[in-house]
Amino acid sequence: MKRGFSNEVKQALNDIYYNVGTRKGAEGFALLEQASAAGDGDASCILARCLCGKQYVWPGHGFPVDDARVEQLLHKSVEQGSALGVLVCMRTGELTPALQRKMPFSSLQEAFDIVLEMAEAGDAFCQYTIGNTYFWWDFMEIQGKDRSSFSSDAKFKAYLKENISKCEDWFQKAFRGGIFFAGNNLDHYYTQGDEDIIAPHPKKAKELNKIGAEMGYPTYQHFYADELMDKGKVAEAIHWYQLGSENGQPECWLHLGELYEKGKGVPQDLATAAQYYEKGLTPINCDSHRLGCVENLGILYYHGQGVPQDFDKAFSLLNEVMLADYAGTAAKFCLGMCYFYGRGTQTDYRQARKLLESVLTAENIPEANYALGVMYCQSLGIQEDIAKGVEYLKNAKNYPAAKEELQKYKRTLFGKWVRR
């Protein structure tokens, strides 16, 4: 039985996990595809992990998430003779009795021993996998033991504690060896412990973000910067956000953009803020941080701040966050005004009214009051209601256009508002 990874898998692990800074994730992914197709079960297993999303691979690589293919590849890895694939399938619940009968190993213990040998030789991915067998109690199935194997609860608990505690060392090695997400389980182990068997040690978790950041993990540079921001250490946080940004960590683009937009810890620079938001539009940043960049950049384009005013771009960006149900008050205001004036889209007074009325429940914006006042007074997309329109115009305070519009209406002797 083959022991140790092929040269293709070793290179792919280096490109995808151990040296993220080389930006060769795509090359590593291609190597795994080729090796998997050629019958390399380890390549099939690691390729499956690459398709599982940011829980198991750095999002900056931009790999797709494909659950159906993950299942297919994991099954394939076992049939191709990967001991690593056996342990990963067991962890994910994919190692059915039928699949287990297809594995070319006499037992789960034999598969475990092969991966353990590679872990002891220094491979971080195998170290993480071995750590998981202890962390998630898979060792009992591997060893063929359960409560009935012990003469007392005390002996069973001692057995559990002895084995579960082994995960700490393996996760530490994996974390320091290139598997950034080993830090997630390590943090859980330290902060939560494990039932009444392993006591929490939260103090040990405090340095994980710093360690990961200093090791050059972009994800942890983001985590550590967030931690520093929470502590009010803005200058230090900016340093780590910038490093994370240079290393391609998507979340850092939003944070830096907001800091430059607000002038917090750095001189206010809307053009620089817009540049960071532009970076954040990349498809690899597909969560709330991307939507934050989309929203903030759309607002800048609407007002022409840091970028040339462009209503077409503003509407396109803001409509995206609106469709994603992410738009905040400022975005809804700009979008509402786009519909009111026909900026970047066709005039749509119904949409404008809906958006602007929701805006005013959160913030009293003079121009929003003005637009609603005009719509009600002039019956634009709604039944005429001059009295209500006048109230909106009055709420616009000293907004010049509202003051001018108010001059078109007067109150009769009977208290009714009419046109002059």
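The values are calculated or read from the model by the stated rules, or taken from the named source; none is laboratory data. In this text, all values refer to a predicted model and were calculated from it rather than measured experimentally. Methodologically, a virtual Cβ is constructed for each residue, glycine included, from the backbone with ideal geometry; neighbour enumeration extends over all protein chains shown. Protein only, heavy atoms only, side chains kept; ligands, DNA and RNA dropped before computing areas. Shrake-Rupley method; radii C 1.70, N 1.55, O 1.52, S 1.80 Å.
For the stretch 268-420, what is the convex hull volume of its Cα atoms per residue in Å³?
Details: hull volume 17.6 nm³, N = 153.
Spelled out: Cα convex hull of the stretch 268-420, divided by residues, is 115 Å³.
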Cα pair distances of the stretch 101-208 binned at 5 Å [whole percent]
2, 12, 20, 21, 18, 14, 8, 3, 1
Given unit charges at Cβ for Lys, Arg (+) and Asp, Glu (-), the dipole magnitude of the stretch 1-44 about its Cα centre in debye, nearest 20, is 160 debye
Could you state the principal axis extents of the C-alpha atoms in the chain, from the largest down, to the nearest angstrom?
97, 49, 46
Could you work out how far the C-alpha centroid of the stretch 146-168 sits from that of the stretch 228-278, in angstrom?
48 Å
Over the stretch 246-340: Kirkwood hydrodynamic radius from C-alpha pairwise inverse distances, Å:
13.0 Å
Over the stretch 8-94, how many percent of alpha carbon pairs lie in each 10 Å bin up to the one with the longest distance?
20, 54, 25, 1
Considering only ILE382, SER149, THR191, whose Cα is most displaced toward the positive end of the charge dipole of the chain, charges sitting on Cβ of Lys, Arg (+1) and Asp, Glu (-1)?
ILE382
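If Lys and Arg each add +1 and Asp and Glu each add -1, what is the summed charge of the other residues whose beta carbon sits under 13 Å from the beta carbon of LEU323? The partial results should precede the final answer.
On the way: positive: LYS332; negative: GLU295, GLU320, ASP325.
So the surrounding residues net to -2.
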Would you mind listing how long the stretch 99-155 runs along its three principal axes, going by Cα atoms, in whole Å with the largest first?
37, 26, 15
Can you spot the lysines whose alpha carbon is less than 18 Å from LYS416's alpha carbon? Ignore those fewer than 8 places along the same chain.
LYS388, LYS394, LYS408
Of the options CYS167, ALA38, PHE63, report the single residue whose Cα projects farthest towards the positive end of the charge dipole of the stretch 33-191 (beta-carbon charges: Lys, Arg +1; Asp, Glu -1).
CYS167
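Rounded to the nearest percent, how much of the accessible area of the chain (1.4 Å probe, protein heavy atoms only) is carbon and sulfur?
On the chain, the fraction of accessible area on carbon and sulfur atoms equals 48 percent.
As an exercise, take the mean of 1/r over every pair of distinct alpha carbons in the stretch 175-307, invert it, and state the Kirkwood radius in angstroms.
15.8 Å
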Would you work out the charge dipole size for the chain about its Cα centre, treating the Cβ of every Lys and Arg as +1 and the Cβ of every Asp and Glu as -1, and quote it to the nearest 20 debye?
1660 debye
Environment charge of MET90, counting only residues whose C-beta is closer than 12 Å and scoring Lys/Arg +1, Asp/Glu -1:
-2
For the chain, built as a Gaussian network whose Cα springs stay under 10 Å, the top-fluctuating residue of ASP138, ASP40, ASP146
ASP146
Report the dimensions of the stretch 284-338 along its three principal axes from the alpha-carbon atoms, largest first, rounded to Å.
26, 21, 16
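So if I place +1 on the C-beta of Lys and Arg and -1 on the C-beta of Asp and Glu, and nothing else carries charge, what would the dipole magnitude of the stretch 166-285 be about its Cα centre? I want it in debye, nearest 20. Let's see the in-between values first.
Working: 12 positive and 18 negative charges, 53 e Å.
Roughly 260 debye, rounded to the nearest 20.
Normalised by the number of residues in the stretch 158-316, what is the relative contact order in percent for Cα pairs under 8 Å and 6+ residues apart?
Values: 215 pairs, mean separation 18.0, N = 159.
The normalised contact order for the stretch 158-316 reaches 11 percent.
Once Rh for the stretch 344-395 is found with the Kirkwood sum over Cα pairs, what is the Stokes-Einstein diffusion coefficient at 20 °C and 1.002 mPa s, in µm²/s?
Details: Rh = 10.8 Å.
Here the translational diffusion coefficient equals 198 µm²/s.
What whole-number value in Å² describes the accessible area per residue of the stretch 170-318 for a 1.4 Å probe?
Working: 6530 Å² over 149 residues.
Here the residues of the stretch 170-318 average 44 Å² of exposed surface.
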Using only Cα atoms, what is the ratio of the radius of gyration of the stretch 1-158 to 2.2 N^0.38 Å?
1.08
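From the P(r) of the stretch 51-142, can you give the percent of Cα pairs sitting at distances over 18 Å?
Values: 1936 of 4186 pairs.
Percent of Cα pairs beyond 18 Å in the stretch 51-142: 46.
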From the backbone phi of the stretch 153-167, what are the Karplus-calculated ³J(HN,Hα) couplings (6.51 cos²θ - 1.76 cosθ + 1.60, θ = phi - 60°) in whole Hz, Gly and Pro given as x?
4, 4, 5, 5, 5, 5, 4, 4, 4, 4, 7, 4, 4, 5, 5
